[in-house]
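Shown next, in structure tokens, is the structure this report addresses.
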Amino acid sequence: MTGSRRLNVVVGISGGIAAYKAVNVVRALVLEGHDVHVIATDAALRFVGKPTLEAISRNPVNSDLYEGVAQVRHVSIGQAADLIVIAPATANTLAKLAHGLADDLLGNTVLASTAPIVVAPAMHTEMWGNPATRANVALLRTRGITIVGPASGRLTGEDVGAGRMSEPDDIVRAALAAVDGAGADSAAVPAASTPGAPDADVTAPSSGDLAGFRVLISAGGTREPLDPVRFLGNRSSGRQGVALAAAAFERGASVTLLAAHLEVPVPEGVAVVHVQTAAELEEAARDHAQRSDLVIMAAAVADYRPAGVAEQKIKKETAGDRVTLELVRNPDILATIAAERRDGRVVVGFAAETAADEDELVRVGRAKLERKGCDYLVLNRVGWSLGFAAEDNAVVVVQRGGDIVMEASGSKATVAHRILDAVHPALLPRA
């Protein structure tokens, strides 16, 4: 543990409007008793002046790559660091870090250091969701760099969405935990030994903003048997749920996927529980939710099932020209999971609606959110040629109370990360 140990901390500040919040990151680290050295890019100094940073850090601010050449300072700062925190990290800075560019003092310092690196992205929602940015973040995570946030909320101008820099206290907490190695002891999911258990042992990555969290996701579509041959089902392929599982695992979580007739492969590293019907999904969801911090119910669940199932194939020769089916209502799995959640567990539902437009979609979604009692509801429009089995998706995320917290469109992988960005702030920090 860092405890009373005095750390040599480098705080890198890049050129985004959130640079003003970096002052409080520096202040918090100084108050913790650490020796803090600020490296500010030229762009950062357009937002926050050197005098402020020097007064708060109690050390000279470094910015020029060509100062202190005799002391080989572009290398020595990184060599001496016990911890590097970059806040805010713009999209440009993330790209430089991912590709090892060193055209300024901050880039050189990172390359010259073996210290833990903690990065707090901050940018507009569209930039955060851009595939190039997502790829850069994924690459940084594979190298053990801790990504904190971003959160969702008010951005510059009138924009609201994912991309807001995490709060300074959260960044500092994550940074000191990175030094302590917190989250390195990732939770393993038990091997399958009984029906409803995962297929195999799974160990999550040790870094990422979901490191230490257990995430449960349902995906696909349930099938309700009519006879040994036929069933009532739906058109869900499971693509969005599988994309969510892959994204959560990439971000460090231990992920269990409740798979109902998927049409796409399951990501490596994700534990799988196969289910057939709504009743099986309910049983598995209630069981695994008790051990989960985040539950995302993305599967398309049949609202009704046949009152009785024929033991033999229903034949037209004996059934006649018309067959009448009696259907009974299935349990409301999402409402049950929401009602049974413990403090700290976040429950996210999905609602696919044949709404005429987004206004109707949001209106229907808000009413459903109130009925279900979950924390967030992800809304998307579906139709004969919209939503199901497509590579892309467009969603609106509504939180408890009815406020829209995020809108996203693009590939289902991109949308998955945006959904996790939106709900992540509600998760309690892992100590």
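A few points about this structure:
- Here the accessible area of the chain is 50 percent carbon and sulfur, with a 1.4 angstrom probe and all protein chains present.
- Stokes-Einstein D for the chain, Kirkwood Rh over Cα pairs, 37 °C, 0.692 mPa s (µm²/s): 141
- GNM flexibility winner over the chain from Gly220, Gly49, Gly320 (Cα, springs under 10 Å): Gly320
- Loop sites in the range 291-356: trypsin sites (Lys or Arg not before Pro), DSSP, at most 12 other Cβ within 10 Å: Lys313, Lys315, Arg322, Arg342
- Between the C-alpha center of the range 225-277 and that of the range 80-155 there is a gap of 32 Å.
- Excluding the site residues themselves, the longest part of the chain lacking any chymotrypsin sites (Phe, Trp or Tyr not before Pro) in a DSSP loop with at most 10 other Cβ atoms within 10 Å is 67-383.
- With all protein chains kept in place, the per residue accessible area of the range 297-416 amounts to 58 square angstrom at a probe of 1.4 angstrom.
- Over the chain, dividing the summed -39,500 (n - 2.57) contributions of all DSSP H runs of at least 4 residues by the number of residues returns a 222 nm mean residue ellipticity of -9500 deg cm²/dmol.
- A DSSP coil position with no more than 14 other Cβ atoms inside 10 Å describes the following trypsin sites (Lys or Arg not before Pro) in the range 1-101: Arg5, Arg6, Arg58.
- Within the chain, longest stretch clear of exposed GluC sites (Glu not before Pro) (DSSP loop, no more than 16 other Cβ within 10 Å): 159-262
- Computed from the C-beta positions of Asn8 and His99, the FRET efficiency with R₀ = 25 Å rounds to 0.40.
- Nearest-0.05 FRET efficiency for Arg27 and Arg371, computed from C-beta distance (R0 60 Å): 0.85
- Normalised by the number of residues in the chain, the average gap of Cα pairs under 8 Å and 6 or more apart makes the relative contact order 12 percent.
- All aspartates and glutamates inside 13 Å of Lys412 as judged from Cα atoms, apart from same-chain residues fewer than 8 positions distant: Glu391, Asp392
The values are calculated or read from the model by the stated rules, or taken from the named source; none is laboratory data. Quantities reported herein were computed from a predicted structural model and do not represent experimental measurements. We place every Cβ from the backbone using ideal geometry, glycine too, and count neighbours over all the protein chains shown. In case anyone asks, the SASA skips ligands and DNA or RNA and just uses the protein heavy atoms, side chains included. Shrake-Rupley method; radii C 1.70, N 1.55, O 1.52, S 1.80 Å.
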